[in-house]
1. Look through region A:75-96, keep the residues that are within 12 Å of another protein chain (Cβ to nearest Cβ) and of a type in the set (A, V, I, L, M), and return whichever of them is nearest to the chain's Cα centre (by Cα).
2. Could you tell me whether any residue of region A:188-207 is without any contact (Cβ under 8 Å) to a residue 12 or more places away in the chain, within 14 Å of chain B (Cβ to nearest Cβ), more than 29 Å from A:His508 (Cα to Cα) and of a type in the set (A, V, I, L, M, F, W, C)?
3. Under the condition of being more than 23 Å from B:Glu151 (Cβ to Cβ) and of a type in the set (D, E, K, R), which residue from region B:59-84 is least open to solvent (accessible area, probe 1.4 Å)?
4. Looking only at region B:97-141, how many residues end up being within 12 Å of chain A (Cβ to nearest Cβ) and part of a loop (DSSP other than H, G, I, E, B)?
5. For region B:47-58, how many residues are touching a Ser or Thr at 6+ places or on another chain (Cβ under 8 Å) and either open to solvent by 10 Å² or more (accessible area, probe 1.4 Å) or within 14 Å of another protein chain (Cβ to nearest Cβ) (or both)?
6. Which pairs do you get when a residue that is without any contact (Cβ under 8 Å) to a residue 24 or more places away in the chain, found in region B:83-99, comes within reach of a residue that is open to solvent by 10 Å² or more (accessible area, probe 1.4 Å), reach meaning Cβ atoms under 8 angstrom, with the pair 6+ apart or on two chains?
7. Those residues that are in a strand (DSSP E or B) and within 9 Å of another protein chain (Cβ to nearest Cβ), I need them from region A:537-569; list them, please.
8. Looking only at region B:256-267, which residues are hydrophobic (A, V, I, L, M, F, W, C) and open to solvent by less than 10 Å² (accessible area, probe 1.4 Å)?
Protein chains: 2
Amino acid sequence: MKELVLICIFVVSIFSLNSTVEARIRHYRWEVKYEFKSPDCYKKLVITINGRSPGPTILAQQGDTIVVDIKNSLVTENTAVHWHGIRQIGTPWSDGTEGVTQCPILPGDTFRYKFVVDRAGTYLYHAHYGMQREAGLYGSIRVALPAGEAEPFSYDYDRSIILNDWYHKSTYEQATGLSSIPFDWVKDPQSLLIQGRGRYNCSTPGIAANLCNGTNPECSPYVFTVVPGKTYRLRIGSLTALAALSFEIEGHNMTVVEADGHYVEPFVVNNLFIYSGETYSVLIIANQDPSRNYWAVTNMVSRNNTTPNGLAIFNYYPNHPTKSPPTIPPSGPYWNDVDARVNQSLAIKSHPGYIHPVPQTSDRVIILLNTQNKINGYFKWSINNVSFTLPHTPYLIALKQNLLHTFEQTAPPDIINGYESYDINVVPPNVNATTSNSLYRLKFNTTVDIILQNANTMTANNSETHPWHLHGHDFWVLGYGKGKFNRSEDPKSYNLVNPIMKNTVPVHLYGWTALRFVANNPGVWAFHCHIESHFYMGMGAVFEEGVEKVAKLPSSIMGCGDTKRFLKP
Amino acid sequence: MKELVLICIFVVSIFSLNSTVEARIRHYRWEVKYEFKSPDCYKKLVITINGRSPGPTILAQQGDTIVVDIKNSLVTENTAVHWHGIRQIGTPWSDGTEGVTQCPILPGDTFRYKFVVDRAGTYLYHAHYGMQREAGLYGSIRVALPAGEAEPFSYDYDRSIILNDWYHKSTYEQATGLSSIPFDWVKDPQSLLIQGRGRYNCSTPGIAANLCNGTNPECSPYVFTVVPGKTYRLRIGSLTALAALSFEIEGHNMTVVEADGHYVEPFVVNNLFIYSGETYSVLIIANQDPSRNYWAVTNMVSRNNTTPNGLAIFNYYPNHPTKSPPTIPPSGPYWNDVDARVNQSLAIKSHPGYIHPVPQTSDRVIILLNTQNKINGYFKWSINNVSFTLPHTPYLIALKQNLLHTFEQTAPPDIINGYESYDINVVPPNVNATTSNSLYRLKFNTTVDIILQNANTMTANNSETHPWHLHGHDFWVLGYGKGKFNRSEDPKSYNLVNPIMKNTVPVHLYGWTALRFVANNPGVWAFHCHIESHFYMGMGAVFEEGVEKVAKLPSSIMGCGDTKRFLKP
């Protein structure tokens, strides 16, 4: 019954989208606060939006203006919300990146985000402040095509889910542990969530009975109800704090049709690999034995782990939604099957009918060597041996209002000194890095190549997958390679014909990933590993382009750091 | 050896105080952040100042100017620090009360508090934002007399300790529980701390071994080392989140000589009752058998409880400081011996040589009925059935800058409607209250009486002790009474001869307490129950007086709420 109601709401929603000809303003009023929730049956503090985590899904149509008034009802804690995949053309102050585009939103304040969703597709939103994202402040954005336009594929119904990993320690405990000597890292997540629901084993020794209740309805599995014979578009986003994931639906293939808001040349998979910050649309046909339900499974890959797989129920109507499938859930791919993951990366190409032609040359190449480091004994992640820190006066304001003393003015390097001799396959002889909050200033309208170069961590024979996310832009994915990027040879293998455009892309173990984008969106944009603790520990960079073209900044983004000098009562 | 070093530091410190003739500026630079600490052997997140909790003791001389630069290194959380007992004459913006006198200090910001300590005595400082105080952000202020002036008592050495209660749940969990339906209150503290050290039983079932370590030096008992035959001034402050306490030193009487910065007519006690926000100085003569050590004990009173007593070691030099006393620690007074506590309250009178003459009449009488209530199903505490909430635009700024729309303008009542018929001995028939952020505006230089009237809570046959603290003032304590205050009769019993002046005073179970103060300190001042959860749940009020006489406000206190309108880049 609940599912039918949902389907009805859904149909009304689609109808209302398609019946609108002109762009609309869609106004949301959200209250952000802490509540006790049990997403995986274990009760802990969760940041909710209007009582929910994940928060409400933003449903809009291309060209609409989204207005979100966020009231911060956290008691002593600030917040900021990023609209992940939305380029914020003309509204860089609405990107929601604390320290980059705005001051944090204080408790009691209501901050208005206002921006245009200028391209249909599947996007996300989430906190972009400290490590609040993993406290539960996240959700989906679904942008439909304008009325009369059609996608290059067809389906009967449209659904969104977000995959996540889940920790029982608070974000404060986690962040403090990362900044401690000895380093105190939480390690594997306790569970994996599918659309905010997972299952921790409450019988685990040492778990207090009043904290974990396996019968709590908040942790009943997510149910994806389908009508036999129908085709479903499933929009899948990942906002894991750490985990690289695989997702599959028992007995059903999936046809990948969209990635980060761009149509891909369709390809069929049994399981989809997805990294934090990525979104995909897949088509699923409900063409299996309709007398039973099936498992939907997500499992952690790329890292040997102890995290149990996350489960949901793929429910064939009219079977009862909670009817357990008669089978053992698929166990998913092996965590260490790197080739399978690289192959999926390589398979993602632009749909032939929707190719955005890629500039055939670039004006600047920046090679970002990803390493794990130490600074004064603290564990860090670094780019070219510089561990990034956010300033407390947001760059956008500092640059527009000429507060250049608020961050370091020496630009970070386009390539690490000694790149040619750097051995990415071993623990570096000197793991010590430096720290900086300086940014890359890009010449407006130039074409920039970024080479993400992976390397060995501080542990022998270990390299980790890092999903990098660029704000304010989509980039063309020119290629992936194994080993160390060769500046003269590897560009010859770039895909300059039909590269996909994305906003998030993995750099695989010991490999490299090459991206290209045009610096044509006036503003200041973060580019960082989407693993929340990695960015917190310095794995990021910031790009400025055309900041002089940015319109007058709203004063609502100010009030912190050196912008307090603008307080003139 | 450590103790000797401390004594040496102390002697140098006293020397430096006495050698100074003119008022000095004492400059402190503090960094506030989260760290894992084990004050009672149980590891949890603690807010530290320069790595310590309690924070550094401020040592100053009457007339000195204190400058404290507080750098907020909490990751996503603001802060504010109150200088408890300092009247902030001429500097109301340095009172550190978020929502009343300042906007919170943002992460990354350094806020400067600057104020004069104009009266010798024993004071405190602590966070005054949300429920941060109980996360560990607190410490002592000790102000010495000017050179050449002497106290009306003598002693050889001077020491400060703070008593506290300690919870293992985070302040976020506690605050969220208080704002939840069903109400989720943490109940009794897990331990009592003496100068930041207590002892939780790590063998308690369900406590993970890696979280609790009874041999951690951080939870070794506080040691008070004495030289036989010497007299010690012990300054004792309480900053409990909840607990009313008794404190005693086995086998040693204590002579009470100071309360909240005022000299009292000395009286001798076996144990000292102390409420959150109070300070006392007691004299202790090390006149017992010097061949052994003794227990110092604090225990919880006023509430039936399960909290183990807090222990410290009163160490006779040269016994080893960790040598356990050969006796069983005293168990302290019975929790429910109300008379003993009222008797101590009645015993505290001004020292004859230091009487501040009390105005014999008052211009206004405000009766504050203390009740427990519900609002929309949420548990609250109220004054005259109004549960206080803090505005997000601090009153001081709102009033000076004419932002009167930021809080409710209808003044709270001077007496509850139906006061004469209100039965304080029973659960009220209607426990529902309303909420308001309005304040009392006092005519400048008038004399105001406050009658704190206690009552039955929402539980039959239950009334609780509330310690009320007034900012910006000392008040005369005119009297305490049992039962309901009689407006015509009870004032006849006021002590108008030698009442003590204090800044914090208890209202006992089912009783009343009468205070008088002169509204002669331009500013806006909080007056509230010092039980942190009670103030959080509405047990407070705010007084404005002479705000038009307040000098130009520093912009450093602005940046939140409606003060963002002053951002003019």
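The values are calculated or read from the model by the stated rules, or taken from the named source; none is laboratory data. Quantities reported herein were computed from a predicted structural model and do not represent experimental measurements. Counting neighbours? That spans all protein chains shown, and the Cβs are built from the backbone with ideal geometry, glycine included. The area values use the complete protein model at the heavy-atom level, side chains included, leaving out ligands, DNA and RNA. Shrake-Rupley method; radii C 1.70, N 1.55, O 1.52, S 1.80 Å.
1. A:Ala80
2. no
3. Taking region B:59-84 and keeping what is more than 23 Å from B:Glu151 (Cβ to Cβ), we get B:67-82.
Adding the requirement that they be of a type in the set (D, E, K, R) leaves B:69, B:71, B:77.
Details: B:Asp69: 20, B:Lys71: 85, B:Glu77: 2 Å².
Applying the filter and picking the extreme gives B:Glu77.
4. 12
5. Filtering region B:47-58 for residues touching a Ser or Thr at 6+ places or on another chain (Cβ under 8 Å) gives B:47, B:54-55, B:57-58.
Going one step further and asking which of them are either open to solvent by 10 Å² or more (accessible area, probe 1.4 Å) or within 14 Å of another protein chain (Cβ to nearest Cβ) (or both), we end up with B:47, B:54, B:57.
So the answer is 3.
6. So the pair list comes out as B:Ser94/B:Lys114.
7. Kept after step one, since they are in a strand (DSSP E or B), are these residues of region A:537-569: A:540-545, A:567.
A:Leu567 - this is the single residue of region A:537-569 that is in a strand (DSSP E or B) and within 9 Å of another protein chain (Cβ to nearest Cβ).
8. We begin by selecting, within region B:256-267, every residue hydrophobic (A, V, I, L, M, F, W, C); these are B:256-257, B:259, B:264, B:267.
The answer is B:Val256, B:Val257, B:Ala259, B:Val264.
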